[in-house]
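Structure, as structure tokens:
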Amino acid sequence: MTALLELKQKIKNLYGQYEIYLLPVIKFAVALVYFIWINANMGYMSQLNNVFIVLILALICSILPPGVTVFAGFLFILGHSYALGIETAAFMLIIILFIAVLFLRFSAGQNIVLVCTPLSFGFGIPALLPIGSGLMGNAFAVFPAGSGVILYYVIRLIRSNSEILANPDVDMLEKLRILSDGLMQNWAMWITLVAFVAVILIVNLIRTRSFDFAWRISIITGGVAYILVMLGGSIFVSGVTVSLPVLLIQTILSVLVGIILEFFVFGGDYTRTERLEYEDDEYYYYVKAVPKASVTTSERSIKKITAQPVKEDKKAEEDIVSYANPIFQEDGKKAAAPKSAAPVSREKTDEVDFEKKLEESLKDL
């Protein structure tokens, strides 16, 4: 466990240090995979099904907000739909406007979920999208997630009827009827939509509670809810078949990835939980504090010790004021230490008789 915590801390430090470079790379990778997925499932317009166009557009999306990737994908889908026919493009335009006007305006900060929804189906772990959205986002993530489900099944509908839609001999109304009936009577889409909405709401509701291990409980509960909704829909709705082994494997993988995500994003240490109570003039506060599980990484530094002192150290030693190194020196030379002074010897002199001297002076006068 300590090794995992050290790895987590190193990854967080690395991301914090190079975030300005890593974030555009991540956005570029997500946009590139999304555009490649659209071309792989549609690819009717040769001008858009070009690797250089995809790379240039993904590079532009890497330096712009994530919402640009969503609308760039809309343009890709409209372009491929127009290659099949004006009817298909008109139908797709209505779906996109419906999604953008009614849904995406409520979740401006989470619209990247719409991009990740078709990719979760493409990688075979669709349950990971609602579980991850419930953990990382809020309840409004149901709008882009539901929009992504609708968009995914509409693209599948167009792909399965591409020959009829591209046939100029088929009447325009017939094409529109095929598309509208295929969308409204696609019960697999509606069951998946209900499952996504239910899982996001359940995971987000449990994750925001204050009891211990709320994140992990929400992940497991979301996986169970996804299985129950999909199985219940396949049982009660005729024409919808769900493979139980495939569903179980996909959901178990999604739950495992969700637990890994919880470890790196949250990672609370419930053994050191503290409950605090305090008050001010107007309120009483009851706070539950769950510290993050972390460990300090040891950083070793090697200092090379040489026999000769560094020049800066010598200079610093010379600047120290002492009796052996006085401040004022003549011609920059160090003054020698003062020797101990010899004792002064005084010669003995004869005592002078001042009275006798005075009498002799008076006699002379």
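Data overview
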{"read-out": "Cα shape, the stretch 208-271, gyration tensor, a/c 1.5 rule", "value": "prolate"}
{"read-out": "Heavy-atom accessible area per residue - the stretch 20-125, 1.4 Å, Å²", "value": "49 Å²"}
{"read-out": "Estimated inter-spin distance, Trp187 and Phe264, nm [label 7 Å along Cα→Cβ]", "value": "4.0 nm"}
{"read-out": "Accessible area of the stretch 48-172 belonging to carbon and sulfur atoms, whole % at 1.4 Å probe", "value": "72 percent"}
{"read-out": "Solvent exposure of the stretch 154-286 as accessible area per residue, Å², 1.4 Å probe", "value": "62 Å²"}
{"read-out": "Cα gyration tensor, the stretch 87-213 - rounded (a/c under 1.5), prolate or oblate", "value": "prolate"}
{"read-out": "Long-range HN-HN contacts of Gly268 with modeled amide H, under 5 Å", "value": "Ala293"}
{"read-out": "Gyration tensor (alpha-carbon) shape descriptor, the stretch 151-242, a/c threshold 1.5", "value": "prolate"}
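The values are calculated or read from the model by the stated rules, or taken from the named source; none is laboratory data. Everything numeric in this text was worked out from a predicted model, so none of it was measured. Here Cβ is always computed from backbone atoms with ideal geometry, including for glycine, and neighbour counts include all displayed protein chains. Surface accessibility is based on the protein's heavy atoms, side chains included, excluding ligands, DNA and RNA. Shrake-Rupley method; radii C 1.70, N 1.55, O 1.52, S 1.80 Å.
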